[in-house]
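Colleague: Structure below; questions to follow.
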């Protein structure tokens with residue numbers, strides 16, 4: 001049995017089918033994964049993401065520490081509420097985790113890391129944090145609910161503290177507003193607009209029930225995985241891990257090479273890899289034959305194996321199967337994927353496949 005999220009009783013009461021995920025018992029769906037998917041694309045859905053680890057980082061040494069810890073540059077964050085997506089790397093340039101960093105004040109930050117890698121990420125942070133002026137505090141007292149979809153913010157706003165409502169509706173993407181132990185960010189993992197709501201654990205059940213009363217649909221991991229795949233968003237531990245660098249995971253854009261003197265962990269390995277060249281490409285695949293793309297399926301160009309699928313599934317918006325794959329740089333525009341011993345044709349495309357409910361690639 002895994003850890004139970006703070007809203008586990010709420011999920012059980014709604015008839016959720018729970019599955020192990022990252023050491024937690026999480027809802028896969030509440031009866032219909034496809035219905036939940038469409039509610040997010042067309043209206044509003046909510047996800048319990050309290051299994052993700054919230055970590056507060058404070059102290060006068062925090063800015064310098066973060067400059068070493070992550071591949072993106074935390075100095076880009078200058079105003080309270082600004083947020084940054086980045087990877088935290090090992091010394092070989094492999095991805096320990098991808099995370100969101102929030103700037104709260106000049107010496108106060110918040111990180112949100114993934115559940116499956118949380119303990120490893122936290123241990124790595126503590127190992128690297130030398131000096132007494134860095135305080136790392138996991139926030140098990142906080143819960144997190146993602147409200148996503150074209151109507152998500154409008155439906156959620158009346159359920160957050162009054163002092164945050166106007167500020168929250170004025171947020172730009174990748175910014176946040178904070179009051180007490182509440183933090184509202186305009187972020188998400190679905191390719192749709194919405195909020196991620198961080199609140200005290202004790203207040204989460206009332207928030208969940210209030211959102212349901214506002215006709216925000218409870219949604220599980222199944223719909224979330226389809227939505228993030230269509231949106232071109234990587235899954236930590238699957239599309240990248242400690243053996244693969246951002247340069248071969250479609251995440252080169254998250255690396256801040258300037259200033260050149262910022263010696264973040266893993267930088268030397270990335271520079272060697274970049275100079276050597278011949279990097280594998282991280283691409284999207286659109287299946288043109290029959291079947292469903294799944295993780296670990298082999299990708300071929302002619303008779304030659306050129307890589308493998310890292311994430312795959314059926315895309316309801318496109319009515320096709322789609323995938324991410326890590327492949328050799330010379331793959332070309334067409335390939336074949338081995339599905340049940342059959343080489344099925346596919347097109348090589350650039351993610352995202354869908355954004356804001358609209359296809360981003362031609363069929």
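The values are calculated or read from the model by the stated rules, or taken from the named source; none is laboratory data. All values reported here derive from a predicted model rather than from experimental measurement. Every residue, glycine among them, receives a Cβ derived from its backbone with ideal geometry; neighbour counts consider all protein chains shown.
Colleague: Could you tell me whether residue 300 is touching a helix residue (DSSP H, G or I) at 6+ places or on another chain (Cβ under 8 Å), modelled with pLDDT of 95 or more and either outside any loop (DSSP other than H, G, I, E, B) or buried (at least 17 other Cβ atoms within 10 Å of the Cβ) (or both)?
Modeller: no
Colleague: Go through segment 1-26 residue by residue and tally those that are more than 19 Å from residue 117 (Cα to Cα) and surrounded by 21 or more Cβ atoms within 10 Å (Cβ to Cβ).
Modeller: As a first pass, look at segment 1-26 and keep what is more than 19 Å from residue 117 (Cα to Cα): 6-18.
Then drop every residue that is not surrounded by 21 or more Cβ atoms within 10 Å (Cβ to Cβ), which leaves 6-7, 11, 16.
So the answer is 4.
Colleague: Restricting to segment 213-226, count the residues that are out of contact with any helix residue (DSSP H, G or I) (no Cβ under 6 Å at 6 or more places or on another chain) and closer than 13 Å to residue 148 by Cα. Walk me through how you get there before you give the answer.
Modeller: From segment 213-226, those out of contact with any helix residue (DSSP H, G or I) (no Cβ under 6 Å at 6 or more places or on another chain) are 213, 215, 218, 220-221, 224-225; that's our starting set.
Now restrict to residues that are closer than 13 Å to residue 148 by Cα: 215, 218, 220, 224.
Number of matching residues: 4.
Colleague: Inspect segment 54-65 for any residue being touching a residue at least 60 places away in the same chain (Cβ under 8 Å), closer than 25 Å to residue 222 by Cα and buried (at least 17 other Cβ atoms within 10 Å of the Cβ) and give the result as yes or no. So that I can check it myself, show each step before the final result.
Modeller: The initial filter retains those residues of segment 54-65 that are touching a residue at least 60 places away in the same chain (Cβ under 8 Å), namely 54-62, 65.
Now restrict to residues that are closer than 25 Å to residue 222 by Cα: 54.
With the extra rule that they be buried (at least 17 other Cβ atoms within 10 Å of the Cβ), the set shrinks to 54.
Yes, the conditions are met somewhere in segment 54-65.
Colleague: If you check residue 45 against the conditions, is it in contact with a helix residue (DSSP H, G or I) (Cβ under 7 Å, 6 or more places away or on another chain) and in contact (Cβ under 8 Å) with a residue 60 or more places away in the chain?
Modeller: On the way: in contact with a helix residue (DSSP H, G or I) (Cβ under 7 Å, 6 or more places away or on another chain): yes; in contact (Cβ under 8 Å) with a residue 60 or more places away in the chain: yes.
So residue 45 passes the test.
Colleague: Return the only residue of 145, 136 being within 23 Å of the chain's Cα centre (by Cα) and over 21 Å from residue 14 (Cβ atoms).
Modeller: 136
Colleague: Quick one: which residue in 311, 321 is closer than 22 Å to residue 226 by Cα and in contact with a helix residue (DSSP H, G or I) (Cβ under 6 Å, 6 or more places away or on another chain)?
Modeller: Details: 321 fails: in contact with a helix residue (DSSP H, G or I) (Cβ under 6 Å, 6 or more places away or on another chain).
It is 311.
Colleague: Residue 173 fails exactly one of the following numbered conditions: (1) assigned by TED's automatic domain parsing to the domain that holds residue 37; (2) in contact with a helix residue (DSSP H, G or I) (Cβ under 9 Å, 6 or more places away or on another chain). What is the number of that condition?
Modeller: Tallying (1) assigned by TED's automatic domain parsing to the domain that holds residue 37; (2) in contact with a helix residue (DSSP H, G or I) (Cβ under 9 Å, 6 or more places away or on another chain), residue 173 fails exactly one: (2).
Colleague: Can you name the condition, by its number, that residue 69 falls short on among (1) in the same structural domain as residue 215 (by TED's automatic domain parsing); (2) touching a helix residue (DSSP H, G or I) at 6+ places or on another chain (Cβ under 7 Å)?
Modeller: Evaluating residue 69 over (1) in the same structural domain as residue 215 (by TED's automatic domain parsing); (2) touching a helix residue (DSSP H, G or I) at 6+ places or on another chain (Cβ under 7 Å) leaves (1) as the failure.
Colleague: Sticking with this one: Using the structure shown, decide if residue 187 is surrounded by fewer than 19 Cβ atoms within 10 Å (Cβ to Cβ), out of contact with any helix residue (DSSP H, G or I) (no Cβ under 6 Å at 6 or more places or on another chain) and modelled with pLDDT of 95 or more.
Modeller: Details: surrounded by fewer than 19 Cβ atoms within 10 Å (Cβ to Cβ): no; out of contact with any helix residue (DSSP H, G or I) (no Cβ under 6 Å at 6 or more places or on another chain): yes; modelled with pLDDT of 95 or more: yes.
No.
Colleague: Test residue 243 against the criterion of being surrounded by fewer than 22 Cβ atoms within 10 Å (Cβ to Cβ) and more than 18 Å from residue 282 (Cβ to Cβ), and give yes or no.
Modeller: no
For (1) touching a residue at least 40 places away in the same chain (Cβ under 8 Å); (2) under 30 Å from residue 64 (Cα atoms), each residue gets a yes or a no:
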{"residue": "264", "(1), (2)": "yes, yes"}
{"residue": "272", "(1), (2)": "no, yes"}
{"residue": "292", "(1), (2)": "yes, no"}
{"residue": "296", "(1), (2)": "no, no"}
{"residue": "321", "(1), (2)": "no, no"}
{"residue": "347", "(1), (2)": "yes, no"}
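Colleague: If you go through segment 87-142 one residue at a time, how many are part of a strand (DSSP E or B) and farther than 21 Å from residue 186 by Cβ? Don't jump to the end; show me each part of the working.
Modeller: We begin by selecting, within segment 87-142, every residue part of a strand (DSSP E or B); these are 87-89, 95-105, 108-113, 135-138, 142.
Filter once more, so that each one left must be farther than 21 Å from residue 186 by Cβ: 87-89, 95-97, 135-138.
The qualifying residues number 10.
Colleague: Would you pick out the residues in segment 158-169 that are part of a helix (DSSP H, G or I) and either loosely packed, with under 14 Cβ neighbours inside 10 Å or more than 23 Å from the chain's Cα centre (by Cα) (or both)?
Modeller: Applying the first criterion (part of a helix (DSSP H, G or I)) to segment 158-169 yields 158-159, 162-169.
The answer is 158, 159, 162, 163, 164, 165, 166, 167.
Colleague: Could you say which residue among 354, 344, 337 is farther than 19 Å from residue 226 by Cβ and either surrounded by 12 or more Cβ atoms within 10 Å (Cβ to Cβ) or assigned by TED's automatic domain parsing to the domain that holds residue 223 (or both)?
Modeller: Details: 354 fails: farther than 19 Å from residue 226 by Cβ; 337 fails: farther than 19 Å from residue 226 by Cβ.
On inspection, the qualifying residue turns out to be 344.
Colleague: Looking only at segment 260-290, which residues are crowded, with 17+ Cβ neighbours inside 10 Å and in a loop (DSSP other than H, G, I, E, B)?
Modeller: Correct list: 264, 265, 266, 280.
Colleague: Taking segment 201-259, which residues are free of Cβ contacts under 8 Å to residues at least 40 places away in the same chain, in a helix (DSSP H, G or I) and over 29 Å from residue 25 (Cβ atoms)?
Modeller: Within segment 201-259, 252, 253 qualify.
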